[in-house]
Amino acid sequence: MTEPETWLDKIIREAQERGEFDNLPGEGKPIALGGNSFEDPAWRLANHLLKNGGFVPDWIELDREIRGAVDEAREALARSRDWRAGRLSALGERRDLDAQRERDLIAGDWGRARRRFVEAVGAINKKIDLLNLKVPLPRLQRAKVDIAGEMLILDSPFSRLSR
């Protein structure tokens with residue numbers, strides 16, 4: 001025994017018979033049920049329009065900026081570290097006056113590079129503070145960059161060269 005057809009079932013069946021569901025976009029493909037389950041339904045359409053228009057929330061832009069700045073600061077310090085290692089290696093065991101002057105210049109350049117890194121990370125950490133105020137969920141917050149840890153990592157291969 002079959003259940004009686006409801007008025008909605010009848011409308012859908014008649015539309016199918018007329019071919020109104022044929023050749024629809026996405027036909028034969030799974031329905032995209034993705035989306036942000038945390039998103040406020042009242043904002044869903046606005047967020048969709050903004051996303052399709054190439055706009056993102058300012059906290060996401062700030063996070064991208066922070067990641068880029070961290071990478072840039074690390075790369076700059078690594079370049080200085082590598083330059084320093086190459087110059088010290090070229091000097092070898094020389095102990096003459098010219099070699100000592102060169103070592104002093106290298107040490108001064110390395111000190112300036114480290115100070116620039118510390119300043120850059122200080123500015124980055126201020127941006128991280130701002131980001132952590134803006135993110136919608138606590139799990140999206142970022143930890144501050146640990147200057148001492150970064151320096152330890154970058155200094156360790158050359159600690160024997162600086163003595």
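The values are calculated or read from the model by the stated rules, or taken from the named source; none is laboratory data. The structure displayed is predicted, hence computed values, not measured ones. Positions of Cβ are backbone-derived with ideal geometry, glycine not excepted, and every protein chain shown enters the neighbour counts.
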Quick one: count up the residues across the stretch 4-22 that are surrounded by 10 or more Cβ atoms within 10 Å (Cβ to Cβ) and not aliphatic (A, V, I, L, M). 8
Looking only at the stretch 74-85, which residues are surrounded by 11 or more Cβ atoms within 10 Å (Cβ to Cβ) and free of Cβ contacts under 8 Å to residues at least 60 places away in the same chain? ALA76, ARG79, SER80, ASP82, TRP83
Suppose we filter LEU154, LEU161 for residues that are modelled with pLDDT under 95, outside any helix (DSSP H, G or I) and surrounded by 13 or more Cβ atoms within 10 Å (Cβ to Cβ); which single one remains? LEU161
Name the pairs: first residue in the stretch 93-113 and charged (D, E, K, R), second residue surrounded by 10 or more Cβ atoms within 10 Å (Cβ to Cβ), Cβ to Cβ under 8 Å, at least 6 apart or on different chains? GLU102/ARG87; GLU102/LEU91; ARG103/LEU88; ARG103/LEU91; ASP109/SER80; ASP109/TRP83; ASP109/ARG84
Residues that are touching a Lys or Arg at 6+ places or on another chain (Cβ under 8 Å), more than 30 Å from ASN36 (Cα to Cα) and either assigned to a loop (DSSP other than H, G, I, E, B) or at pLDDT below 90 (or both): does the stretch 138-151 have at least one? yes
Which is more than 28 Å from GLU39 (Cβ to Cβ), of a type in the set (D, E, K, R) and either surrounded by fewer than 16 Cβ atoms within 10 Å (Cβ to Cβ) or modelled with pLDDT under 95 (or both), of LYS51, LYS126? LYS126
Residue among LEU131, LEU105 that alone is in contact with an Asp or Glu (Cβ under 8 Å, 6 or more places away or on another chain) and at pLDDT 95 or above: LEU131
